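Shown next, in structure tokens, is the structure this report addresses.
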Amino acid sequence: MKAIKHRLATIEDYEFLLEVKKQAEGKLVEAVFGWDDDVQTRIHRAEWEDAIPQVIELDGERIGSFLLQKYDDHYYFRRFFVWPECQGKGIGSSILRECLNKADSEGLPVKLSYLQGNRVSALYQRFGFKYVNEDEHFVYMVRDLD
């Protein structure tokens, strides 16, 4: 079995993180907003300055990213991207399970949002996330404590 690990991103991962977003979600971003390299670069820079994500590695190769960001009364799971060739192989489930275990151990719910049309909703539903609301661009979900 291949080893799935994650680590805090470094500046050497900065360009990779933008590229994995483009590869994993670029078509959806294009459909919803229109992909603009300048806009996406500015968003990426602002997200980087806000919080450094984790880099997902499979057998030592970078294949994705995520951020589990803690707030006073919940965690927010975001910036979850997996290289397209690595999707559908249990990697996302492994990462999500670990994040939910952490939140559960602290007694906190987890919130998230994703772009309309993203097939990741099935994964989130399998892990107990419930629909909260949506707007023209995003779907919002929460996984409360049992």
*Out of (1) touching a Cys at 6+ places or on another chain (Cβ under 8 Å); (2) touching a residue at least 60 places away in the same chain (Cβ under 8 Å); (3) hydrophobic (A, V, I, L, M, F, W, C), the odd one out for Leu58 is which?*
(2)
*Pairs under 9 Å by beta carbon, first residue touching a residue at least 40 places away in the same chain (Cβ under 8 Å) and among the β-branched types (Val, Ile, Thr) in segment 114-140, partner surrounded by 13 or more Cβ atoms within 10 Å (Cβ to Cβ) and assigned to a strand (DSSP E or B), six or more apart or different chains?*
Val120/Phe80; Val120/Tyr114
*Which residue pairs have Cβ atoms under 7 Å apart, sit 6 or more places apart or on different chains, and have a first residue in segment 9-25 that is within 12 Å of Arg45 (Cβ to Cβ) and of a type in the set (Phe, Trp, Tyr) and a second that is modelled with pLDDT of 95 or more and not in a helix (DSSP H, G or I)?*
none
*asked:* If Arg45 satisfies all but one of (1) of a type in the set (Lys, Arg); (2) more than 20 Å from Lys5 (Cβ to Cβ); (3) surrounded by 13 or more Cβ atoms within 10 Å (Cβ to Cβ), what's the number of the condition it fails?
replied: (3)
_Candidates Arg119, Arg79, Arg97 - the one that is among the charged types (D, E, K, R), within 15 Å of the chain's Cα centre (by Cα), surrounded by fewer than 17 Cβ atoms within 10 Å (Cβ to Cβ) and within 15 Å of Ala24 (Cβ to Cβ)_ = Arg119
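The values are calculated or read from the model by the stated rules, or taken from the named source; none is laboratory data. Everything quoted here is computed from the prediction, not taken from an experiment. Here the Cβ is made from the backbone with ideal geometry for all residues, glycine too, and neighbour counts use every protein chain on show.
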